[in-house]
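The structure appears right after this line, and notes come after that.
Just so it is clear, none of the values below were taken in a lab; they were calculated from the coordinates. Small disclaimer: the values here were computed from a predicted structure and weren't measured. Cβ coordinates were reconstructed from backbone atoms using ideal geometry, including for glycine residues, and neighbour counts include every protein chain displayed.
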Amino acid sequence: MENLGYTRPKLVLSPVPEGIIGTSLVEKIEPYLKLGKDEETIKIPYHSNFVGSHKFPVETALAYYAPLANTLLESSNNCR
């Protein structure tokens, strides 16, 4: 994708369990991903209050989805 002029691919980990359990799981799998120094994952935690919400957007969830949204916007701007 980089050679075609697109942004670098991003790995999205979702749903990641909330808190210590999720942090521990991510720490265990990251070495197997063999990411470069500059590569990062986008982590989106699972929150039952996000899933069960009937009002959108869920304000408390926005910070978790912002890195993904920004990456997608950046990619679409580079395609033009």
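Under 8 Å for C-alpha pairs, at least 6 residues apart: give me the relative contact order for the range 2-78, rounded to a whole percent.
On the way: 55 pairs, mean separation 31.3, N = 77.
Value for the range 2-78: 41 percent.
Here the spin labels are modelled as points 7 Å beyond Cα on the Cα-Cβ line, and at Ser76 and Lys10 they lie 1.3 nm apart.
Can you match Kirkwood radius over Cα pairs in Å to one of these, [x] 12.8; [y] 14.4; [z] 14.0, based on a calculation from the structure here? Checked against the structure: label [y]. Pairs of Lys residues in the chain that lie 8 or more places apart, or on two chains, and have C-alpha atoms under 20 angstrom apart add up to 7. Cβ crowding within 10 Å, taken as a proxy for footprinting-reagent exposure, orders His54, His47 from fewest neighbours to most as His54, His47.
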